[in-house]
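Everything on this sheet refers to the single structure shown next.
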Amino acid sequence: MQDNLYKEIILEHWRYPLHFGILSNKDIDVTEQNYSCGDTIHVTIKLQQKRLVQVLFTSESCVIAKAYASFFLDFIKGKTIQEVEKISAKDVFNLVGAEVSTSRVKCALLCYNAVCKGIREYIITKQ
Amino acid sequence: MQTTLYNPEIIKKDFPLFKKYPDLVYLDSAATSQKPVQVIRTVDEVYKKNNANVHRGIYSLAEKTTELYEQSRDSVASFIHARDRNEVIFTKNTNESIQLVVSGWAKKNLHKGDIVVLSEMEHHANVIPWLRLKEEIGIFLFFIPIDNDGRLLHRSILTAKLNIKKIKVVSLTYVSNVLGVINPIKKIKSFFSSHGISPKIIIDAAQAVGHIPVDVVNLQCDFLAFSSHKMLGPSGVGVLWGKKELLETMDPLIGGSHSIQVVKKESFTWATIPDRFEPGTPNIEGVIGLNAAISYLKKIGVENIQQYEERIAEYILEKLNSLAYIKLLGPKNIQERLGIFSFTIPGIHPHDIAQILDEDNICVRAGNHCAQILMETLQVHATARASISLYTTKEDIDRFLVGLEKVKNFISKS
Ligand SMILES: Cc1ncc(COP(=O)(O)O)c(C=O)c1O
């Protein structure tokens, strides 16, 4: 049981997510799915000199996945690819500071996993 | 026993978990049932009093263990009205039981181009083995579509441009773990007969056994699979029942000890059924525990359980139907279903429904319920699911309904 999982700050980000939408001019375009529940997220990123200057997402997902995406994208916007690559899953949890039960870890990390995958794919295709 | 004597409060007292968590509303019995003390005690006693390996020892302790293990086979056989105790094979679970039929029987007897009929509501346990066989030998799979209430539209096979003479297997769930719908197995069988074909009938009875009487002779099926853990028994034990003449021609999944007769450097011979399919040391305490679960169900009476669960299900159905914010899946008519209710609430994800209910100690499942094909048909990502068992009380349902109001307020606040 999680008393603080739906704390107000998370609900705020769910209701009014930051960075919500799809970029038409983008360098990274990635979707990620949570196979255990079928939730999906779509992230688009515009790069300038290896910096994530614009980041947007849309999702078909639960409160947790959506709120964490909002938090996470706000955190990485403006950072360089290198900086983003250094972020760990633990950092993502610290960012929000709520306790996430085991069954919801995948939801909370959906956006993080999407961004990691997008950057990986970007690096491979650009090399 | 009259249903009027059925007292869920007394039954609930048999389940130690509810003593530990008196406040718990457990509505996930379709995933796994809770266990009565009679089952727990039996498993405990196996270790404390009867622990030896089965089918091996000459000493009396081992003989006693073997006897208890084999008594469970008798008990299962009589519970599902099998004609022959040797038609009962102990497996790990329903998944393994179905895989055994597919690998042991279907792979040997089906050919490229043969048709296996499934339905859009099948659990992955009854999909993946067939998809693998399709890759392996080129069988064709037909998925019977469903109507808006989740009823099978099996007549659509006639318009599907299939050579129906090629239909060799019909493998269906008896009761859907998502929609709660009871499939008319016998009707479907006679539909095929009336078109001059007699495919083998395989039934996934995981959600049926223990909730409604299951009679393999009356169902006229060839194979039937189910799991102990969904019928008050221990986990790690499943059953495959099959017609003797079919089982006798089948290959086991695993070759090894106990499943053989003569072993030489060059060759070996298989044991007779059921030993052939039970290699190695089985889940002894689990199988013996299953016998205790069956005794418990029999003591109350499956008909009584069925009647009681129907009353509770009817109550849920009526309430959920009256709530405008709930989108309930499956039949609206109680006669066609059991107490498994999947639903969605527009504007809120099923995970969040489950999590908000959990704040009030109400356990429901959220997800695709191992039925991704059905989710695609229904055009939903996931659903929330509440499912009942013989210990579910009206108070549990009332608490659940209060919880749903809270979920509703959660979205309207947003
Ligand atoms: C209809 C149906 N079939 C098969 C299974 C699989 O059962 P098990 O996990 O015990 O193999 C389940 C359980 O979720 C089920 O509901």
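The values are calculated or read from the model by the stated rules, or taken from the named source; none is laboratory data. Since the structure is predicted, the reported quantities are computational estimates derived from the model, not experimental observations. Cβ placement follows ideal geometry from the backbone for every residue including glycine, while neighbour counts extend to all protein chains displayed.
Details
- Test result for B:Lys161, farther than 15 Å from B:Pro199 by Cα, in a loop (DSSP other than H, G, I, E, B) and at pLDDT below 95: yes
- Looking at the stretch B:165-271, the strands (runs of 3 or more DSSP E) lying wholly inside it that each contain 1 or more residues that are within 13 Å of the chain's Cα centre (by Cα) and of a type in the set (Asp, Glu) sit at B:200-204.
- Test: residue in the stretch B:60-75 that is touching a strand residue (DSSP E or B) at 6+ places or on another chain (Cβ under 9 Å) and within 16 Å of the ligand (Cβ to nearest atom): no
- Once the stretch B:326-359 is narrowed to residues that are in a loop (DSSP other than H, G, I, E, B) and touching a strand residue (DSSP E or B) at 6+ places or on another chain (Cβ under 8 Å), the residue that is nearest to the ligand (Cβ to nearest atom) is B:Leu338.
- Residue count for the stretch B:170-201 satisfying the condition of being of a type in the set (Gly, Ala, Ser) and farther than 20 Å from B:Thr94 by Cβ: 5.
- Qualifying helices (runs of 4 or more DSSP H) (wholly inside the stretch A:13-127; at least 2 residues being modelled with pLDDT under 95): A:63-76, A:89-96, A:105-108, A:110-126
- Residue in the stretch B:90-102 that is free of Cβ contacts under 8 Å to residues at least 60 places away in the same chain and either closer than 22 Å to B:His123 by Cβ or within 16 Å of the ligand (Cβ to nearest atom) (or both) present: yes
- Among residues of the stretch B:104-130, those that are over 20 Å from B:Phe192 (Cβ atoms) and more than 15 Å from the ligand (Cβ to nearest atom), counted: 4
- Check on B:Asp204, touching a residue at least 60 places away in the same chain (Cβ under 8 Å) and assigned by TED's automatic domain parsing to the domain that holds B:Ser119: yes
- A count restricted to the stretch B:388-414 and to residues that are more than 14 Å from chain A (Cβ to nearest Cβ), of a type in the set (Lys, Arg) and surrounded by fewer than 17 Cβ atoms within 10 Å (Cβ to Cβ) stands at 1.
- Just one of the listed residues (B:Val214, B:Val169) is touching a Leu at 6+ places or on another chain (Cβ under 8 Å), away from the ligand (no atom under 16 Å from the Cβ) and more than 14 Å from every other protein chain (Cβ to nearest Cβ), namely B:Val169.
- Tabulated pairs, the stretch A:9-22, first without any contact (Cβ under 8 Å) to a residue 24 or more places away in the chain, second in a loop (DSSP other than H, G, I, E, B) and surrounded by fewer than 20 Cβ atoms within 10 Å (Cβ to Cβ), C-beta under 8 angstrom, 6+ apart or interchain: A:Arg15/B:Ser414
- Matching entry among B:Glu303, B:Glu318 (being part of a helix (DSSP H, G or I), loosely packed, with under 15 Cβ neighbours inside 10 Å and in contact (Cβ under 8 Å) with a residue 12 or more places away in the chain): B:Glu303
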